[in-house]
Amino acid sequence: MKTKLLFIALLTLGFSSVQVQSQTTVYAKNSDISDNLDLRAVASIFGESANLQDFERRLNDPKYQISNLDLNGDDQVDYLRVIESVEDRTHVVIIQAVLDRDVYQDIATIDVERDNYNRVNVQVVGNTYLYGANYIYEPVYNITPVIYNSFWATNYRPYYSSWTWNAYPTYYYAWRPYPIYRYRNNINVCINVSNHYNYVSTRRSYRAPVLYESRRTYGYETRRPDYSFAQRHSNVANRYDLDQRRVASREIGRNQNTYSSNRVSTGRVSTTDNNRTPNRNYTENRTTADRSYNTNRNTSVNRDNSATVNNPVRVENNTPRTENRRDYSQNNSNVSRESSQNMNSNRGSSTQRTETPRSYSENRGNSENRTSSARSQNTQRSESPRASQESRSSQPQRESGSDSRSGGGRRG
């Protein structure tokens, strides 16, 4: 009995451990800390804010959810506070994550400086520990931001957030961080596409780095000193290079998929071409057959015309033409078998064309001889070449007989 109870207890523990493992959150292997706050979105809402207090509210508003950072690991998005350091025409706006009581971590800075021509230059600079060295975006706003007017007002006082650990404004409440892919889809909606965000690798202001060092905080860096961007990614310089590497890897994956699909389609095309080869030969055979058929038709037409030059009767010429066409249609079905015979027939027809006018020229004086020669020519067109040769040999005999009959008449 004790053994059975022990066995049941072990099974229960095994099922409970399986359920706990199934509920474990899985994160993407290629995600990075810098993926949880897009500096282009920060630059976008900076240009839409009325002042720095409004800017801090937009950073932490649950409606926008600009940030997805959870550096202290409490499964809640960290509150981002804003402080400022000013000297003459240079303003350095520092964004800090509140991790614990009096523990903060710098995320990014915004350098705002006006030159001698009253042109305002803005640069959003990522923290080196999180984003790598010289990760800078220069926003070019479509409309001049209203926040510029507050920076150079008379008796300006630098902004310093009063919110700290567990002392947050009423509009704020913490939310759980989203998966990276979901955060990226959400943040793309928050970026104003009417503006331009140019990536640069150098800071315009030489005063801004000095002002920043006097207010720099690094609470997260001290907790994890071996987890800087340079140590996380030794083969790239900053977040921008990391993005380019990701894009290149995706393009390689697409090209491989395209190559594999092209290989399959190439195999299909090759089989189709192999099937088309016999059709190509068939068309060539048809062309050859048509050529021989046209040659035979021309020969027959010329032969008929030579025979009917002096023949007044047109009805008798239709019969041999029909027979010739029927013979040629039979020859078309067996082109390869009777090609040599067609060549011989063509030679015979050419012989007839040269000899036939000669026999007509000799018999022009006698109308009776013209009628007999026309009948003999019609007989020659319907018969084979041998018969035509025999008919030519018999014509002189007929002519001699007619001469003898005419002579006999004269004697009487």
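Derivation of every value follows stated rules applied to the coordinates shown; laboratory data play no part. What you are looking at is a predicted structure, and each value in this text was computed from that prediction instead of being measured. No Cβ is skipped: glycine too gets one built from the backbone with ideal geometry, and neighbour counts run over all protein chains shown.
Compute the distribution of all C-alpha to C-alpha distances in the range 24-234, in bins of 5 Å from 0, and list the percent of pairs in each, rounded to whole numbers.
Here the calculated profile for the range 24-234 is 1, 7, 15, 20, 22, 18, 11, 5, 2, 0, 0, 0.
With a/c under 1.5 counting as rounded, go ahead and sort the range 56-145 into rounded, prolate or oblate using the C-alpha gyration tensor (a ≥ b ≥ c being the square roots of the eigenvalues; past the cut-off, prolate if a/b is larger than b/c, else oblate).
Prolate, because a/c is 1.5 or more and a/b exceeds b/c.
HN-Hα J couplings of the range 141-153 from phi, Karplus 6.51/-1.76/1.60, θ = phi - 60°, integer Hz, Gly and Pro as x?
Coupling constants for the range 141-153: 7, 5, 10, 4, x, 6, 4, 4, 5, 7, 6, 10, 7 Hz.
Normalising by the residue count of the range 24-234, find the relative contact order in percent from Cα pairs under 8 Å and 6+ residues apart. Display every interim value, and only then the final one.
On the way: 355 pairs, mean separation 57.2, N = 211.
Reported relative contact order: 27 percent.
Within the range 98-131, list the residues whose amide N lies under 14 Å from a label point set 7 Å along Cα→Cβ of Glu138.
Zone members listed by number: 111-115, 119-125.
Counting only residues 5 or more places away or on other chains, whose amide H sits under 5 Å from the amide H of Leu71 once H atoms are built in the peptide plane?
So Leu71 has HN proximity to Asp78.
Between Thr170 and Arg89, what is the spin-label point distance in nm, taking each point 7 Å from the Cα along the Cα→C-beta axis?
Rounded to a tenth, the inter-label distance reads 4.2 nm.
If neighbour count is taken as other Cβ atoms inside 10 Å, put Leu211, Leu5, Leu52 in order from fewest to most.
Lowest to highest Cβ neighbour count: Leu5, Leu211, Leu52.
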